[in-house]
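Engineer: Please find one structure pasted underneath; my questions will follow.
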Amino acid sequence: MDALARQRELLQLLVAQFAGECFSLGKVIYEMISGLHPRNFPSLPTSAHPSAEDQQLQLALLPLLEIACHLEPSKRFADGNQFADALAALRMQSIATLRVYTTFNGQTRAYDLPRRELFIGRPNDRQVIDLDLSPDTSVSRVHARLWFLGDALWIEDRGSSYGSKINGQPLTEPHAVQSNDHIVVGETELTFEAAP
């Protein structure tokens with residue numbers, strides 16, 4: 001093999017390696033910032049003028065990208081987990097969240113979840129669950145769905161075995177959640193508030 005062919009081969013290997021790293025980096029950034037399932041990629045933005053919120057997020061993301069892509073390996077994140085943790089922290093700072101309190105068997109827990117479509121249930125292979133209500137076995141694998149329509153929070157039962165209730169009444173159709181609503185999913189009580 002002559003020197004020119006060897007250089008081409010090395011260049012192709014470098015390009016392939018770099019492309020893989022760029023894809024992995026982009027995938028992690030997308031998943032952590034969007035909070036969406038990794039196979040649900042959105043369309044590209046249609047506006048050349050990002051919102052003030054998007055601009056703020058982009059500015060906050062730049063220092064993390066500078067660390068992740070630093071030319072000196074010793075100045076990069078130690079591993080993908082450290083980078084993912086930094087992105088997760090940035091995501092939680094940059095998006096509005098919904099605080100959810102769950103009470104099951106006398107134990108109350110608080111969760112801060114992103115204000116987007118959320119699925120309630122237990123771990124399964126069909127749907128990513130955003131609010132895992134294990135160990136309540138009366139909660140179906142994909143029990144209920146939450147989403148925002150404007151500023152209003154909505155909930156619907158997804159055909160669960162034990163059902164969902166709002167203010168003691170079975171949830172048979174989508175319902176706009178009010179601040180004083182008493183919601184029960186399986187045997188778990190839920191209350192909602194905007195996170196600080």
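The values are calculated or read from the model by the stated rules, or taken from the named source; none is laboratory data. Treat the numbers as computed from the prediction; the structure is a model and nothing was measured. Virtual Cβ from ideal backbone geometry, glycine too; neighbours counted across all protein chains shown. Keep in mind that these areas ignore ligands, DNA and RNA; they rest on the heavy atoms of the full protein, side chains included. Shrake-Rupley method; radii C 1.70, N 1.55, O 1.52, S 1.80 Å.
Engineer: Once R0 is set to 25 Å, what does the formula 1/(1 + (r/R0)^6) return for the Cβ-Cβ distance between Ile67 and Glu193, expressed as a FRET efficiency to the nearest 0.05? List each step's numbers first, then the result.
Structural biologist: Details: r = 35 Å, r/R0 = 1.38.
For Ile67 and Glu193, the calculated efficiency is 0.15.
Engineer: Let me ask another. How charged is the neighbourhood of Thr172? Take every other residue with its Cβ under 13 Å from the Cβ of Thr172, and add Lys/Arg as +1 and Asp/Glu as -1. Spell out each step's value before the answer.
Structural biologist: On the way: positive: Arg158, Lys165; negative: Glu156, Asp157, Glu173.
Local charge sum for Thr172: -1.
Engineer: Then there's this: Using a ≥ b ≥ c from the Cα gyration tensor of the stretch 114-186 (square roots of the eigenvalues), is it rounded, prolate or oblate, where a/c under 1.5 gives rounded and otherwise the larger of a/b and b/c decides, a/b for prolate?
Structural biologist: Oblate.
Engineer: Could you tell me the calculated FRET efficiency between Lys165 and Ala89, based on Cβ-Cβ distance and R0 = 41 angstrom, to the nearest 0.05? Intermediate values should be presented prior to the final figure.
Structural biologist: Working: r = 36 Å, r/R0 = 0.88.
Computed FRET efficiency for Lys165 and Ala89: 0.70.
Engineer: Projecting each Cα onto the charge dipole of the stretch 63-196 (Lys/Arg +1, Asp/Glu -1 at the beta carbon, about the Cα centre), which of Asn167, Ser140, Thr188 comes out farthest on the positive side?
Structural biologist: Ser140
Engineer: Continuing with this model, one more query. Taking θ as phi - 60°, what are the ³J(HN,Hα) couplings along the stretch 168-178 by the Karplus curve (6.51, -1.76, 1.60), each to the nearest whole Hz, with x for Gly and Pro?
Structural biologist: x, 9, x, 8, 10, 8, x, 9, 6, 7, 9
Engineer: Then there is this: Give me the 1.4 Å probe accessible area per residue for the stretch 89-196, excluding ligands and nucleic acids, in Å². Mind showing how you got there, number by number?
Structural biologist: Numbers: 6040 Å² over 108 residues.
Result: 56 Å² per residue.
Engineer: For the stretch 80-149, what are Rg and Dmax over the alpha carbons, in angstrom?
Structural biologist: Spelled out, the Cα radius of gyration and Dmax of the stretch 80-149 are 13.7, 38 Å.
Engineer: Hey, with R₀ at 35 Å, roughly what FRET efficiency would Arg109 and Gln82 work out to, going by the Cβ-Cβ distance, to 0.05? Each step should come with its number before you reach the end.
Structural biologist: Values: r = 27 Å, r/R0 = 0.76.
After rounding to 0.05, the efficiency reads 0.85.
Engineer: Quick one: if you stick a label point 7 Å off each Cα along the C-beta vector at Arg141 and Ser179, how many nm between them?
Structural biologist: 3.9
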